[in-house]
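Scroll down for the structure; my scribbles are underneath it.
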């Protein structure tokens, strides 16, 4: 079988429409709204503030703590039970690992920076949207960062490599589907998150990684524009 | 906190609020109904800097044994740590539970739903209506704004299609979740001897007492909840109830 046309008519290397805004949550020290298609994330940063329990403190640098949550009405099917679960805990872990390489918290020993990411609605690609929202929120909060980590998913539907799968594609039943979320430091091409589920070949991945770099740069530019817009005029 | 309270009270006694409002004046409210793509009904409501999203999810389930032909309504507020530096991750706090239950009671006791209309097969299958309310930015008065968002979300909700006894969430029917009444909770807080409507988070934090009164369109009350550590006089209760009727009318017009 061949996957000739995407369900929503996009080109194979096109993402869904993206909206990015910085500074949307007034109570937070930094915040962002990031929407890609119907997947919508809010990120809020609080801190640096004191970290308890104290054994979690790092005397050399601040600790970034991530929380990922889906609002109960954010799934297309049944209500999502609020609170952490195995999936959300793993996502918190990989999101934290994806962001830390660019973030400098050495000025805040023993302190914590809390990052909360919540989704009002989801349509696949949430960990990537979470990372993009988080990068904007951390920049909005004013932390020193080498770059803004940008994430988007690579994927394979039947025989075709595609970018930014939506739920309909993830659930495609007529052939194999692979979902390969990745996060990148746009200026260097370094990869800070890479996961995959589904079948694909080593050549698929090599080709995909080459194709995705300009897309990452485009998304990163939108994210930078969001931060700039917040501090202009 | 003590200094902040003294200052706030001194200003309020002169009739001055930090944001320039009158004591009985709401902040500007916006309602964006039917705005959550994954929910059967949803609303995004802002009131000043308070921003909440409410969503309705519907499921088929078994009725309670004592009400075999009635649907089930569940209202839940998640005080997301994202929305306020004082909120912490973890199991629901007592504030979150009280907020949920006060909004829930207002909707339930107003008989907003004809609960029989949520019955599919008596004793076996009924609709369970989950209304979840999540603040994005919590700047006070979450009971009123959450309650308003909940009603706006319910008003926009449509039943999902049922195929072979199972819910198909991909298809929404045209059938709305019919509201018989429009309950609006109004909370008035008492700071010192001053009564204030639509408190910001700073005002809420220094309040001595509060009373939430939920009214329906004809001005009747259907639920009350007194909160805080300080008692209210009979005169204060009467004033608050009158305010709740008046403000309830104003807010109902926005829906």
Within region B:60-72, does at least one residue satisfy the condition of being under 22 Å from the mean Cα position of the chain (by Cα) and surrounded by fewer than 17 Cβ atoms within 10 Å (Cβ to Cβ)? no
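Restrict the check to region B:188-201 and report whether at least one residue is farther than 14 Å from residue B:255 by Cα, within 14 Å of chain A (Cβ to nearest Cβ) and within 20 Å of the chain's Cα centre (by Cα). Let's see the steps before the verdict.
Narrowing region B:188-201 to residues farther than 14 Å from residue B:255 by Cα: B:188-201.
From what is left, the residues that are within 14 Å of chain A (Cβ to nearest Cβ) are B:200-201.
If we keep only those that are within 20 Å of the chain's Cα centre (by Cα) too, we end up with B:200-201.
Within region B:188-201 (the criterion being farther than 14 Å from residue B:255 by Cα, within 14 Å of chain A (Cβ to nearest Cβ) and within 20 Å of the chain's Cα centre (by Cα)), the answer is yes, since at least one residue qualifies.
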Filtering region A:55-87 down to residues that are away from chain B (no Cβ under 11 Å), assigned to a loop (DSSP other than H, G, I, E, B) and either without any contact (Cβ under 8 Å) to a residue 24 or more places away in the chain or surrounded by fewer than 20 Cβ atoms within 10 Å (Cβ to Cβ) (or both) yields A:57, A:58, A:59, A:60, A:61, A:85
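Please work out which residue is farthest from the other protein chains (Cβ to nearest Cβ), limiting yourself to region B:57-83 and to residues that are in a loop (DSSP other than H, G, I, E, B) and within 23 Å of residue A:89 (Cβ to Cβ). Before you say what the answer is, go through the steps one by one.
As a first pass, look at region B:57-83 and keep what is in a loop (DSSP other than H, G, I, E, B): B:62-71, B:78-80.
From what's left, within 23 Å of residue A:89 (Cβ to Cβ): B:78-80.
On the way: B:78: 5, B:79: 11, B:80: 6 Å.
Top of the filtered list is B:79.
Looking at region B:202-221, which of its residues are within 14 Å of chain A (Cβ to nearest Cβ) and surrounded by fewer than 18 Cβ atoms within 10 Å (Cβ to Cβ)?
Going residue by residue through region B:202-221, those that are within 14 Å of chain A (Cβ to nearest Cβ) are B:202, B:204-205.
Within region B:202-221, B:202, B:205 qualify.
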Please state which one of B:97, B:103 is in a helix (DSSP H, G or I), within 21 Å of residue A:80 (Cβ to Cβ) and within 14 Å of chain A (Cβ to nearest Cβ). B:97
Which one of the conditions (1) without any contact (Cβ under 8 Å) to a residue 60 or more places away in the chain; (2) under 17 Å from residue A:214 (Cα atoms) does residue A:190 fail to meet, given that it meets all the rest? (1)
Residue under evaluation residue B:90, criteria (1) assigned to a helix (DSSP H, G or I); (2) within 9 Å of another protein chain (Cβ to nearest Cβ); (3) surrounded by fewer than 18 Cβ atoms within 10 Å (Cβ to Cβ), criterion not met: (1)
For residue A:34, indicate whether it is buried (at least 20 other Cβ atoms within 10 Å of the Cβ), more than 8 Å from every other protein chain (Cβ to nearest Cβ) and part of a strand (DSSP E or B). yes
Only one of these conditions is not met by residue B:8: (1) within 14 Å of chain A (Cβ to nearest Cβ); (2) in contact (Cβ under 8 Å) with a residue 60 or more places away in the chain; (3) not in a strand (DSSP E or B). Which number is it? (1)
Of all residues in region B:173-187 being more than 30 Å from residue B:138 (Cβ to Cβ) and either within 14 Å of another protein chain (Cβ to nearest Cβ) or outside any strand (DSSP E or B) (or both), the one that is modelled with the highest pLDDT: B:180
Taking the residues in region B:36-50 that are surrounded by fewer than 24 Cβ atoms within 10 Å (Cβ to Cβ) and closer than 15 Å to residue B:143 by Cα as candidates, determine which candidate is nearest to the other protein chains (Cβ to nearest Cβ). B:49
Total residues in region A:92-123, condition touching a helix residue (DSSP H, G or I) at 6+ places or on another chain (Cβ under 8 Å), within 14 Å of another protein chain (Cβ to nearest Cβ) and in a helix (DSSP H, G or I): 0
If residue A:16 satisfies all but one of (1) crowded, with 18+ Cβ neighbours inside 10 Å; (2) under 26 Å from residue B:50 (Cα atoms), what's the number of the condition it fails? (2)
Condition (residue is touching a strand residue (DSSP E or B) at 6+ places or on another chain (Cβ under 8 Å), more than 29 Å from residue A:42 (Cβ to Cβ) and within 14 Å of another protein chain (Cβ to nearest Cβ)) applied to region B:16-35: is it met by at least one residue? no
Qualifying residues in region A:124-155 (those that are within 30 Å of residue A:79 (Cβ to Cβ) and part of a loop (DSSP other than H, G, I, E, B)) - the one farthest from the other protein chains (Cβ to nearest Cβ): A:125
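Being modelled with pLDDT of 95 or more and outside any loop (DSSP other than H, G, I, E, B) narrows it down to one residue among B:44, B:27; which is it?
Numbers: B:27 fails: outside any loop (DSSP other than H, G, I, E, B).
Checking each option against the conditions leaves just B:44.
May I ask you to say which residue of B:166, B:247 is closer than 18 Å to residue B:50 by Cβ and in contact (Cβ under 8 Å) with a residue 60 or more places away in the chain? Steps first, answer last, please.
On the way: B:166 fails: closer than 18 Å to residue B:50 by Cβ.
When all the criteria are applied, what remains is B:247.
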For region B:225-244, what are the residues that are within 16 Å of residue B:192 (Cβ to Cβ) and either part of a strand (DSSP E or B) or free of Cβ contacts under 8 Å to residues at least 40 places away in the same chain (or both)? B:228, B:229, B:231, B:233, B:235
Which count do you get for residues in region A:37-50 that are over 10 Å from residue A:123 (Cβ atoms) and buried (at least 23 other Cβ atoms within 10 Å of the Cβ)? 7
Does region B:139-154 contain at least one residue that is under 30 Å from residue B:211 (Cβ atoms), within 12 Å of another protein chain (Cβ to nearest Cβ), more than 12 Å from the chain's Cα centre (by Cα) and not in a strand (DSSP E or B)? yes
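The values are calculated or read from the model by the stated rules, or taken from the named source; none is laboratory data. As the structure is a prediction and not an experimental result, all values here were calculated from the model. Positions of Cβ are generated from backbone atoms using ideal geometry, with glycine treated the same way; all protein chains shown enter the neighbour counts.
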